[in-house]
Amino acid sequence: MAHRPVPQADDGGQQDAVRRRPRLNQAAVLRAGVVLADAVGIDGFTMRTLAQELGVAPMALYKHVANKQELLDGMVDLVWAEVTEPDAARGWKPALRERAVSLRNGLVRHRWAVGLMEAHGRPGLENLKQHNALLGCLRESGFSFRTAVHVTSLLDAYIYGFALQQKTLSFETPEESGQAAAATRDGIPDDAAARYPYLLEVVGELAAEGYDYDVEFETGLDVLLDGIDALRASWRNG
């Protein structure tokens with residue numbers, strides 16, 4: 001009696017999927033991590049969700065990064081790579097201004113990175129290069145070691161503080177801020193209005209004109225840089 005051949009399972013689709021899947025390397029994992037964190041934020045970011053996005057088992061990621069901290073360190077370094085390095089040849093003030101605007105713009109694009117740029121993890125090469133460039137710009141422009149430290153601390157506090165405030169506020173555009181201000185104005189009871197005239201003035205103006213993050217950031221940055229220029233001679237040298 002003739003035996004019928006046993007039908008074989010058709011796994012061509014699975015094999016095609018495997019062939020189409022790009023080969024993973026560390027750079028691809030880090031880039032995918034940035035894209036995922038941009039979409040879900042740092043609270044929703046896990047090794048498991050990243051593995052799902054890449055279509056691999058979670059353990060496959062550990063061939064390229066030792067742990068989540070190393071992954072985050074590498075992702076932060078990609079953000080640093082987007083920042084414009086200050087060049088002393090352009091003059092320290094325009095160079096630092098351009099660098100500050102570039103860093104803040106990077107934190108707007110990658111809001112999950114706010115709070116991680118100077119975190120306790122191991123700094124990457126882009127991180128080291130950026131910090132060295134900032135200090136080099138100041139030192140080559142005649143700033144003493146101590147004044148360079150002062151300026152670095154001031155700029156970090158301003159840039160990261162502004163980025164954190166922008167991250168936590170409920171509006172994105174001047175139009176949205178105007179709507180929020182109008183809601184605040186309308187929510188102040190009539191019997192309280194006389195006690196808060198200056199607050200009402202501010203929310204009234206913002207309701208009409210809105211709050212522009214870019215304008216406010218650059219205005220404050222110019223005040224800070226002008227203040228550094230005016231006070232640097234009085235700071236303790238070292």
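Values quoted throughout were computed directly from the atomic coordinates according to the rules given, and no laboratory measurement underlies them. All of these numbers come straight from a predicted model, not from anything done at the bench. Counting neighbours? That spans all protein chains shown, and the Cβs are built from the backbone with ideal geometry, glycine included.
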Distance in nm between F145 and T49 label points, each 7 Å along Cα→Cβ, equals 4.4 nm
If the cut-off is a Cα-Cα distance under 16 Å, which lysines reach K93, setting aside same-chain residues fewer than 8 apart in sequence?
none
Stokes-Einstein D in µm²/s, Kirkwood radius over Cα pairs - region 106-207 at 25 °C with 0.890 mPa s viscosity:
144 µm²/s
Explain nothing, just compute: Karplus ³J(HN,Hα) = 6.51 cos²θ - 1.76 cosθ + 1.60, θ = phi - 60°, for every residue of region 144-149 in order, whole Hz, x for Gly and Pro.
6, 4, 5, 5, 4, 5
Please state the shape class of the chain: rounded when a/c is under 1.5, otherwise prolate if a/b exceeds b/c and oblate if not, all from the C-alpha gyration tensor.
oblate
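GluC sites (Glu not before Pro) within region 140-238: which are DSSP loop residues with at most 12 other Cβ atoms inside 10 Å? Don't jump to the answer; show the numbers that get you there.
On the way: sites: E140, E172, E175, E176, E201, E205, E209, E216, E218; in loops: E172.
Here the GluC sites (Glu not before Pro) that fit, given the DSSP loop and packing criteria, are E172.
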Dipole magnitude of the chain, debye to nearest 20 (Cβ charges: Lys/Arg +1, Asp/Glu -1, about Cα centre)
1480 debye
Taking the dipole of the chain about the Cα centre (Lys, Arg +1; Asp, Glu -1; charges at Cβ), the one of H131, G142, L103 that reaches farthest to the positive side is H131
